[in-house]
1. Please name all residue pairs, on different chains or six or more residues apart, with Cβ atoms under 8 Å, provided the first residue is in segment 19-44 and is in contact (Cβ under 8 Å) with a residue 24 or more places away in the chain and the second residue is open to solvent by less than 100 Å² (accessible area, probe 1.4 Å) and in a loop (DSSP other than H, G, I, E, B).
2. Just to be sure before I move on: is Y112 in contact with a helix residue (DSSP H, G or I) (Cβ under 8 Å, 6 or more places away or on another chain), touching a residue at least 24 places away in the same chain (Cβ under 8 Å) and aromatic (F, W, Y) in the structure I sent?
3. Would you mention how many residues in segment 39-55 are within 27 Å of V103 (Cα to Cα) and either in contact with a Leu (Cβ under 7 Å, 6 or more places away or on another chain) or among the acidic types (D, E) (or both)?
4. Scan segment 54-90 for residues that are buried (at least 17 other Cβ atoms within 10 Å of the Cβ), without any contact (Cβ under 8 Å) to a residue 60 or more places away in the chain and of a type in the set (D, E, K, R) and report the count.
5. Taking the condition of being open to solvent by less than 40 Å² (accessible area, probe 1.4 Å), under 17 Å from C70 (Cβ atoms) and out of contact with any Leu (no Cβ under 8 Å at 6 or more places or on another chain), how many residues in segment 96-113 meet it?
Amino acid sequence: MEAVFRTMSRDSNPFETFSKKQNTPEERCAFTVEQLQNIWTTLTSDSFQMLHKEEMKVLYKLALYTGARCGDLCLLKWESVNMSLRTIKFMPHKTAKSSRKKVEIPMSDVLYSTLAELEMTSDYVLPKVAERYQY
């Protein structure tokens with residue numbers, strides 16, 4: 001913006017007296033084991049109601065065992081899942097336009113057995129979650 005005002009009004013810049021905003025990095029902490037257990041207990045409780053609960057449980061495990069971003073997991077396709085090699089290989093949305101590098105994540109036993117139980121009724125691993133996410 002400063003360059004625009006310098007070009008348009010050669011005499012003064014209305015932003016001259018403004019001080020720059022301090023860059024304060026956001027800090028995040030990883031969940032503790034206890035917090036993760038509490039989330040799972042709530043998610044699996046019969047009294048806890050939510051849309052597409054069974055797929056959301058799979059989404060939780062995908063997030064826990066891959067560390068991938070939510071959007072990438074919500075839109076994960078079966079073509080990215082190699083059950084015989086026990087890997088998940090996809091291009092993260094965040095890097096799709098820049099580096100175009102795919103990430104390859106090995107599946108833990110828990111994640112492998114969870115995905116093995118799913119039916120392949122759609123291109124998406126979690127079709128109801130994918131539809132909801134895109135909506």
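The values are calculated or read from the model by the stated rules, or taken from the named source; none is laboratory data. Please read all numbers here as calculations on a predicted model, not as lab measurements. All Cβ positions, glycine included, derive from the backbone under ideal geometry; neighbour counts span all protein chains shown. Note: accessible area is taken over every heavy atom of the protein model, side chains too, but ligands, DNA and RNA are not part of it. Shrake-Rupley method; radii C 1.70, N 1.55, O 1.52, S 1.80 Å.
1. none
2. no
3. 2
4. Final tally of qualifying residues: 2.
5. Of the residues in segment 96-113, 2 are open to solvent by less than 40 Å² (accessible area, probe 1.4 Å), under 17 Å from C70 (Cβ atoms) and out of contact with any Leu (no Cβ under 8 Å at 6 or more places or on another chain).
For (1) within 14 Å of the chain's Cα centre (by Cα); (2) of a type in the set (A, V, I, L, M, F, W, C), each residue gets a yes or a no:
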{"site": "T41", "(1), (2)": "no, no"}
{"site": "S45", "(1), (2)": "no, no"}
{"site": "F48", "(1), (2)": "no, yes"}
{"site": "A68", "(1), (2)": "yes, yes"}
{"site": "S84", "(1), (2)": "no, no"}
